[in-house]
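Report on the following structure.
The values are calculated or read from the model by the stated rules, or taken from the named source; none is laboratory data. Everything quoted here is computed from the prediction, not taken from an experiment. Cβ placement follows ideal geometry from the backbone for every residue including glycine, while neighbour counts extend to all protein chains displayed. For the accessible areas, the whole protein counts, side chains as well, though only heavy atoms, and no ligand, DNA or RNA atoms are used. Shrake-Rupley method; radii C 1.70, N 1.55, O 1.52, S 1.80 Å.
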Amino acid sequence: MASKKFTLEYIIRSSPSILFEFVTQPDSLAQWFADVCDAQDDIYIFGWGGDYQRARQVELVDEESVKYHWEHGKKDEYFSFRVYKSEISNDTILEITDFAVAKEIKEQTFLWDKQVEDLKHAIGA
């Protein structure tokens with residue numbers, strides 16, 4: 001079953017540079033995205049409840065965006081974070097792009113919503 005790309009946007013009360021640290025630095029990712037996160041060069045190891053998955057950081061635009069590819073994921077699928085300021089409201093926006101089978105997008109969106117709540121709490125937003 002083919003996966004579909006979907007994008008979510010969240011307003012985060014934070015400076016873009018602090019938010020960017022939370023989507024790229026292992027210590028910060030471990031505060032909201034995974035229970036455990038470690039990185040060696042461009043390989044990130046994420047752990048949830050004793051289950052570990054490896055992802056490669058395949059793209060990094062400093063202070064703007066980062067893209068990760070799961071080691072056992074489909075070649076053209078990834079998850080990414082883009083941080084930018086809204087020109088209209090001047091809010092800091094976190095844009096998340098991910099892939100899921102169409103019938104699971106709602107469930108994946110709920111999971112991201114929960115993780116972003118954890119992110120806001122970790123940042124103090």
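How many residues are of a type in the set (Val, Ile, Thr) and modelled with pLDDT under 95 when one looks only at the range 72-100? Before the answer, list the steps.
Going through the range 72-100, the residues of a type in the set (Val, Ile, Thr) turn out to be 83, 88, 92-93, 96-97.
Keeping just the survivors that are modelled with pLDDT under 95 gives 88.
The total comes to 1.
Within the range 66-86, track down each residue that is among the β-branched types (Val, Ile, Thr) and more than 10 Å from the chain's Cα centre (by Cα).
Of the residues in the range 66-86, the ones among the β-branched types (Val, Ile, Thr) are 66, 83.
Across the range 66-86, the qualifying residue is only 83.
Please determine, by comparing only the residues of the range 54-103 that are of a type in the set (D, E, K, R) and assigned to a strand (DSSP E or B), which one is surrounded by the most Cβ atoms within 10 Å (Cβ to Cβ).
Going residue by residue through the range 54-103, those that are of a type in the set (D, E, K, R) are 54, 56, 59, 62-64, 67, 71, 74-77, 82, 85, 87, 91, 95, 98, 103.
From what is left, the residues that are assigned to a strand (DSSP E or B) are 54, 56, 59, 67, 82, 85, 95, 98.
Values: 54: 14, 56: 16, 59: 13, 67: 17, 82: 18, 85: 12, 95: 14, 98: 20.
Among those that are of a type in the set (D, E, K, R) and assigned to a strand (DSSP E or B), it is 98.
Among the residues of the range 1-59, write down those that are of a type in the set (Ser, Thr, Tyr) and touching a residue at least 40 places away in the same chain (Cβ under 8 Å).
Of all residues in the range 1-59, those of a type in the set (Ser, Thr, Tyr) come to 3, 7, 10, 14-15, 17, 24, 28, 44, 52.
3, 7, 10, 14, 15, 17, 24, 28 - these are the residues of the range 1-59 that are of a type in the set (Ser, Thr, Tyr) and touching a residue at least 40 places away in the same chain (Cβ under 8 Å).
List the residue pairs whose Cβ atoms are under 7 Å apart, where the first residue sits in the range 107-125 and is assigned to a helix (DSSP H, G or I), the second is of a type outside the set (Val, Ile, Thr) and open to solvent by 80 Å² or more (accessible area, probe 1.4 Å), and the two are 6 or more positions apart or on different chains.
122/31
Can you run down the residue pairs with Cβ atoms below 6 Å, 6 or more apart or on separate chains, where the first is in the range 84-97 and without any contact (Cβ under 8 Å) to a residue 12 or more places away in the chain and the partner is acidic (Asp, Glu) and buried (at least 16 other Cβ atoms within 10 Å of the Cβ)?
Correct list of pairs: empty, since none qualify.
So, in the range 1-53, of the ones that are hydroxyl-bearing (Ser, Thr, Tyr) and assigned to a helix (DSSP H, G or I), which residue ends up most open to solvent (accessible area, probe 1.4 Å)?
Within the range 1-53, the subset hydroxyl-bearing (Ser, Thr, Tyr) is 3, 7, 10, 14-15, 17, 24, 28, 44, 52.
Cutting the leftovers down to assigned to a helix (DSSP H, G or I) gives us 17, 24, 28.
Working: 17: 59, 24: 9, 28: 9 Å².
Restricting to residues being hydroxyl-bearing (Ser, Thr, Tyr) and assigned to a helix (DSSP H, G or I), the top hit is 17.
Hey, among 106, 120, which residue is out of contact with any Leu (no Cβ under 8 Å at 6 or more places or on another chain), open to solvent by 90 Å² or more (accessible area, probe 1.4 Å) and of a type outside the set (A, V, I, L, M, F, W, C)?
Values: 120 fails: open to solvent by 90 Å² or more (accessible area, probe 1.4 Å).
The unique qualifying residue is 106.
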